[in-house]
Each structure stands twice: as structure tokens, then as C-alpha cells.
1. Of the residues that sit in region A:36-61 and are touching a residue at least 40 places away in the same chain (Cβ under 8 Å) and either part of a helix (DSSP H, G or I) or over 15 Å from the mean Cα position of the chain (by Cα) (or both), which one is farthest from DNA strand B (Cβ to nearest atom)?
2. Based on this model, can you work out whether residue A:115 counts as more than 9 Å from DNA strand B (Cβ to nearest atom), buried (at least 21 other Cβ atoms within 10 Å of the Cβ) and modelled with pLDDT of 95 or more?
3. Just a yes or no: is a residue in region A:72-92 over 22 Å from residue A:162 (Cβ atoms) and part of a loop (DSSP other than H, G, I, E, B)?
4. Looking at (1) without any contact (Cβ under 8 Å) to a residue 24 or more places away in the chain; (2) within 29 Å of residue A:167 (Cβ to Cβ), find the lone condition where residue A:13 falls short.
5. What are the residue pairs meeting all of these: first residue in region A:196-213, first residue within 20 Å of residue A:37 (Cα to Cα) and in contact (Cβ under 8 Å) with a residue 40 or more places away in the chain, second residue part of a helix (DSSP H, G or I) and more than 16 Å from DNA strand B (Cβ to nearest atom), Cβ atoms under 7 Å, and 6 or more apart or on different chains?
6. For region A:1-10, check the following and say yes or no: at least one residue is in a helix (DSSP H, G or I) and at pLDDT 95 or above.
7. Restricting to region A:16-35, name every residue that is outside any loop (DSSP other than H, G, I, E, B), surrounded by 15 or more Cβ atoms within 10 Å (Cβ to Cβ) and without any contact (Cβ under 8 Å) to a residue 60 or more places away in the chain.
DNA sequence: CCAGACGTTGTT
DNA sequence: GTCTGG
DNA sequence: CCAGACGTTGTT
DNA sequence: GTCTGG
């Protein structure tokens, strides 16, 4: 994980689910099939929370070009406190990335079967993320934190994104909070009952296919 | 000290 | 095989 | 993440 | 900018 998202929800949906203090009109086109390097919505700040847009794939401040070599769409939970590219963002630039769901490809000797994964309670997911800003490029970008799969997810994959529950959101988003030891304790696999999944058509593999058909159960 | 990397995924 | 584009 | 390209020249 | 490797 986690390399493909359904972030179809609107700015108004995000405002409803995350209590963002932001009534701006939609900045992005709803899309059921979003690959890395796309612009996506993120939620930042604490009282008030705000909606911002970010390139999915963190480009650090020292990168001199819009170069994909230094574009990281995932950040391992066990490395956020120590890795060069993540250490500073983990201390002061944490973000929630709202999503309707995400995709995993279950690889077997016979081939790959994509699955669509979403919350069982059908509320939006809130991924733990990190963001940074590159002044030279004028680019805000973000990464999704990953961890080991829980038992449920391990049916299809051995990694999963970190999903935060509403009671954790303020602590995660508080830019004043620099207790990295406590913060790292949030970066655990979700409880097994939180998520649900179903197989979907392989057409989701092509990110040009971005209509609702890609989430339809097979 | 300077030079060079800076990341994850999956697969073998 | 590996990189780029979506 | 997967899909698809992977290249240059000259001509319109 | 900051960390790791030499």
C-alpha cells in the first residue's frame, strides 16, 4: 500500500466529516481512481481545521526539480521519526488525508486481483499523512503513512495505510504537539472490524478509468 | 571531515 | 528491465 | 499503484 | 536541510 485512492468526496463532504472551517468551492474534480502525483485534498490545522490541496508524493524542500526520484507517496510508520525526508514533517507538518476508499492488488501465481477497501461504517477514511512545502517549486506535497497489515487486510496484502479515528484527529493535527514518541503510538494498524472490502474489475488498474464503475463489486 | 543520499513497494 | 505518465 | 513506452529525423 | 557512509 497505498498507491491508489478513491477521493471522490467533495469539499462540502469533507467539511461535514472533518469539521473544517472552510466553505470554499471545490478545487478538485471528483475522481474514483487517483494515482500518486495527482493533486488531492488534505486536512490540516487544529481549531479550526482547514482543507488544502497537495500533490500526492512528498517532494522535500531541498529538491531542486519537480523530480519523481524524490517523490514519496508513502512513509513507513517505523521511519517517520528518523528518515531525512520525514523527520521534520513528522514533528510539525502532520495532515489527515480524507478518502472514500483505497485499492490493493492481491498478487497470486495466477495474476493480480484488485480489491476496493473502505470503512465498514461508510464514513470517510482519515489517513495519517505528512506534508511539506518546496519553495523553489512552489509545491505543497504529502505522503500517506503505512504500517503492517492487520489480520483483515493481510488477506490481500502485507501493508496498509494508517487510519486514524476521530478521537485522535486533534492530537495528530496539532502543530504544537512535538511529542514524537506519543505521536508514533498512533501509527498502528487499524482494528480488524474497521474496514470492509470487495473485489473489483481489473479496469481499475488503468488510472484513466476514473468513473464509479471501478468501485462496483465484481 | 566531505560526499552523497534523501523512499516505498514487491519480488527473488 | 526500467522509467514516465496518469 | 498500474499501464505503457522505451526514438530520431525531417516535413507539414 | 540533514543524515549516513567512508
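The values are calculated or read from the model by the stated rules, or taken from the named source; none is laboratory data. Since the model is a prediction, treat every value here as computed from it, not as a measurement. All Cβ positions, even for glycine, are placed from backbone atoms using ideal geometry, and neighbour counts span all protein chains on display.
1. We begin by selecting, within region A:36-61, every residue touching a residue at least 40 places away in the same chain (Cβ under 8 Å); these are A:40-47, A:49, A:51-61.
Now restrict to residues that are either part of a helix (DSSP H, G or I) or over 15 Å from the mean Cα position of the chain (by Cα) (or both): A:45-47, A:49, A:59-61.
Values: A:45: 25, A:46: 25, A:47: 30, A:49: 26, A:59: 11, A:60: 7, A:61: 10 Å.
Of everything passing the filter in region A:36-61, A:47 is farthest from DNA strand B (Cβ to nearest atom).
2. Details: more than 9 Å from DNA strand B (Cβ to nearest atom): yes; buried (at least 21 other Cβ atoms within 10 Å of the Cβ): no; modelled with pLDDT of 95 or more: yes.
No.
3. Restricting attention to region A:72-92, the residues satisfying the condition of being over 22 Å from residue A:162 (Cβ atoms) are none.
No, region A:72-92 has no match at all.
4. With respect to (1) without any contact (Cβ under 8 Å) to a residue 24 or more places away in the chain; (2) within 29 Å of residue A:167 (Cβ to Cβ), residue A:13 is out only on (1).
5. What qualifies is A:204/A:214; A:209/A:203.
6. Taking region A:1-10 first, the residues in a helix (DSSP H, G or I) are none.
No.
7. So in region A:16-35, the residues outside any loop (DSSP other than H, G, I, E, B) come out as A:16-18, A:20, A:31-34.
Now narrow it down to the ones that are surrounded by 15 or more Cβ atoms within 10 Å (Cβ to Cβ): A:17-18, A:20, A:31-34.
Within region A:16-35, A:20 is the sole residue that qualifies.
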